[in-house]
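The values are calculated or read from the model by the stated rules, or taken from the named source; none is laboratory data. Being a predicted model, the structure only gives us computed values, none of them experimental. Glycine also receives a Cβ, built like all others from the backbone with ideal geometry; neighbour counts cover every protein chain displayed.
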Amino acid sequence: MVVEKFERAIADFFGSPFAVAVDSCTHGIELCLRYMDAGSMACPKRTYLSIPMLAHKLGIGLYFIDYIWSKYYRVWDDIIDAAVLWEPKSYITNTFMCLSFQYQKHLSLGRGGMILCQTHQQYIDLKKMSYDGRLPNIPWREQDIDTMGYHYYMTPETAQLGLDKLPEAIKTPPRIWTVEDWPDLTKMKIWQKKY
């Protein structure tokens, strides 16, 4: 199927054993935090605002850090926000690296993301979590669902667009993002309330 083909192509580019397609990088990070049962998360002061909002959504602790990051940063142990990373063979072994294909990113699909992971079991577990608790390509009524799912899957149309655009993205040098591309989130009213 096309989604699995796109997952394999992205895994091969980044050098990871497996990749799970999702509908956004933020949802990918959320799935990883749920999967690892994280009780808290760290977040640089300068990043996209949906990332610290995950702490409120999940009911976990949030710690802002004054961190000058480049290409990626860790939100919890081995969970990495790699939304702006575009570099071949850059997967960090034994981590969950979450990529973005949002319209401003190097591989611009309008929406979408990917979780790079190490093991086949992680792939299966996260795939089921992203896909309403079920495995793809098997009618759900024929499955005995054993996993809570979150409806965060990538559509086949988005995956096909990714496959179509991937060769050009591989040939083109990526934009170099800096932390200055994001404001200091801790100065916003939402973070000065109770968080």
Check: So which residues in segment 78-130 are basic (Lys, Arg), out of contact with any Gly (no Cβ under 8 Å at 6 or more places or on another chain) and crowded, with 19+ Cβ neighbours inside 10 Å, if there are any at all?
Finding: 105, 127
Checklist line | Residue satisfying condition, being aliphatic (A, V, I, L, M), modelled with pLDDT under 95 and within 18 Å of residue 5 (Cα to Cα), within set 107, 126, 135 | finding: 135
Notebook entry, point to check: So which residues in segment 87-116 are in contact with a helix residue (DSSP H, G or I) (Cβ under 6 Å, 6 or more places away or on another chain) and more than 13 Å from residue 71 (Cα to Cα), if there are any at all?
Noted result: 96, 107, 109, 112, 113, 114, 115, 116
Next item on the list: Collect the residues in segment 65-77 that are buried (at least 18 other Cβ atoms within 10 Å of the Cβ) and either aliphatic (A, V, I, L, M) or in contact with a helix residue (DSSP H, G or I) (Cβ under 8 Å, 6 or more places away or on another chain) (or both), keeping them in residue-number order.
Entry: 75, 76
Next item on the list: Take residue 149 and decide whether it is in a loop (DSSP other than H, G, I, E, B), small (Gly, Ala, Ser) and at positive phi.
Entry: no
Item checked: Qualifying strands (runs of 3 or more DSSP E) (wholly inside segment 17-130; at least 1 residues being in contact (Cβ under 8 Å) with a residue 40 or more places away in the chain, more than 26 Å from residue 155 (Cβ to Cβ) and over 14 Å from the mean Cα position of the chain (by Cα)) -> 40-44, 61-65
